[in-house]
Amino acid sequence: MGYKLELSIKLNPKFSIKKAHELQGRLSEKLSFEDTLPETVDYVAGVDVAYLKGLSVGAVVVLDFDTLSVVEFQVAHVKTRFPYVPTLLSFMEIPPAYLAIRKLHLEPDVFLVDGQGFAHPYGLGFASHLGLILDKPTVGVAKSRLCGKLESIGNHQQVALLNDDGVVIGAEVITKQRTKPVYVSVGNKVSLERAVRLVVSCAQKYRLPEPVRMAHLIAGSEKRKLQSAL
DNA sequence: GCGACAG
DNA sequence: ATCTTGTCGC
């Protein structure tokens, strides 16, 4: 079901995988690794996308940074028009994610996104691409590694760096003991150090930081709702 | 040529 | 990601 779409895209001269990678490389240069976050964060958002047949369900949730309680959430669904192609995930997930985010009444200080940020072969994972479009601070929080070599930091056992040709592109973070680590990288307008701190502070009881975990649950419930409505 | 490959 | 109940372990 996905190969047909992938084929049509590969045959489309207006959008080849090679051209998409070149675009990612150019956009990556516009990323900011500076900390533009306010001293005290009030709202942290979580973003995720779920799939149902030919539909993509985007979900965004806003939590109070201090209590990690949900203060708002929005969902949106659109027909999936781009297949999952490793390294091109953002092209598939941005439409539903962006539509949901546009519905927000509150403006989050930062968005924790389910996927890679700068820790990407062309320096532009979903979190970074979304960060440029929103022109807001974003952090990539992936459940598995896409690229980069591990590089331990002294006697630090909770955080290891992801290195790519001598460049630090992200970090492997153990948010909860006895569970697999998560991969954190800068999306846009935030430093890696701050990004890691945000993820760690938002992950208390579960492996995934609460914003991302909540967004995942909301996308899932919305999917079930659409499911039964068919 | 071979292996890797977010969600 | 998705299809899915119970079950083993911290």
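Could you list which residues have their amide H under 5 Å from that of A:Phe111, counting only those 5 or more apart in sequence or on another chain, with H placed in the peptide plane?
A:Ala45, A:Thr138, A:Val139
Would you please give the residues with an amide H less than 5 Å from that of A:Val71, counting only those at least 5 places away or on a separate chain, with H modeled from the backbone geometry?
So A:Val71 has HN proximity to A:Val62, A:Leu63, A:Asp64.
Kindly provide the pair-distance distribution of the range A:112-229 built from C-alpha pairs, with 5 Å bins from 0 and whole-percent values in order of increasing distance.
Cα pair-distance distribution for the range A:112-229, in percent: 2, 13, 21, 23, 18, 11, 6, 3, 1, 1, 0.
Expressed in nm to one decimal, what extension gain is obtained for the pair A:Ser221 and A:Leu106 from 0.36 nm per residue of sequence separation less their Cα-Cα distance?
So the chain would gain 39.2 nm between A:Ser221 and A:Leu106.
Using a Gaussian network model on chain A with a 10 Å cutoff between Cα atoms, which of A:Val190, A:Val173, A:Val85 fluctuates the most?
A:Val85
What number, rounded to the nearest 500 deg cm²/dmol, is the helix-based mean residue ellipticity at 222 nm of chain A, given -39500 (n - 2.57) per DSSP H run of at least four residues and division by all its residues?
Here the helix-only value at 222 nm equals -10000 deg cm²/dmol.
In percent, how large is the relative contact order of chain A, given Cα pairs closer than 8 Å and 6 or more residues apart?
22
Expressed in nm to one decimal, what extension gain is obtained for the pair A:Arg145 and A:Lys19 from 0.36 nm per residue of sequence separation less their Cα-Cα distance?
Here the answer is 43.0 nm.
Would you please put A:174-181, A:87-94 in order of how densely packed they are, using the mean number of other Cβ atoms within 10 angstrom per residue and starting with the highest? Could you put the intermediate results ahead of the total?
Values: A:174-181: 13.6, A:87-94: 21.8.
Sorting A:174-181, A:87-94 by mean packing, highest first, produces A:87-94, A:174-181.
Compute the Kirkwood hydrodynamic radius of the range A:3-228, taking the inverse of the mean of 1/r over all pairs of distinct Cα atoms, and give it in Å to one decimal.
Here the Kirkwood hydrodynamic radius works out to 17.5 Å.
With a cut-off of at most 14 other beta carbons within 10 Å, and DSSP calling the residue loop, which trypsin sites (Lys or Arg not before Pro) in the range A:56-129 qualify? Please list them.
A:Arg81, A:Lys103
Mind running the shape call on the range A:14-123? Use the C-alpha gyration tensor, a ≥ b ≥ c as the square roots of the eigenvalues: rounded below 1.5 for a/c, prolate if a/b tops b/c, oblate otherwise. All intermediate terms of the calculation are to be shown ahead of the outcome.
Working: a/c = 2.66, a/b = 1.30, b/c = 2.04.
Oblate shape, in that a/c is at least 1.5 and b/c is the bigger or equal ratio.
Please report how many Lys pairs in the range A:103-186 have alpha carbons closer than 23 angstrom, counting only residues at least 8 apart along the chain or sitting on separate chains.
For the range A:103-186, qualifying lysine pairs total 5.
Would you mind computing, in nm to one decimal, how far apart the modelled labels at A:Asp64 and A:Asn155 are, each placed 7 Å from Cα along Cα→Cβ?
Going by the 7 Å Cα→Cβ label model, 3.9 nm.
Can you run phi through the Karplus equation (6.51, -1.76, 1.60; θ = phi - 60°) for the range A:122-132 and list ³J(HN,Hα) in whole Hz, with x for Gly and Pro?
Result, rounded to whole Hz: 10, x, 8, x, 3, 4, 6, 4, 5, x, 6.
Values in this text are rule-based calculations from the coordinates and carry no lab data. Quick caveat: nothing in here was measured; it's all calculated off a predicted structure. Using ideal geometry, Cβ is built from the backbone for each residue, glycine included, and neighbour counts are taken over all protein chains shown.
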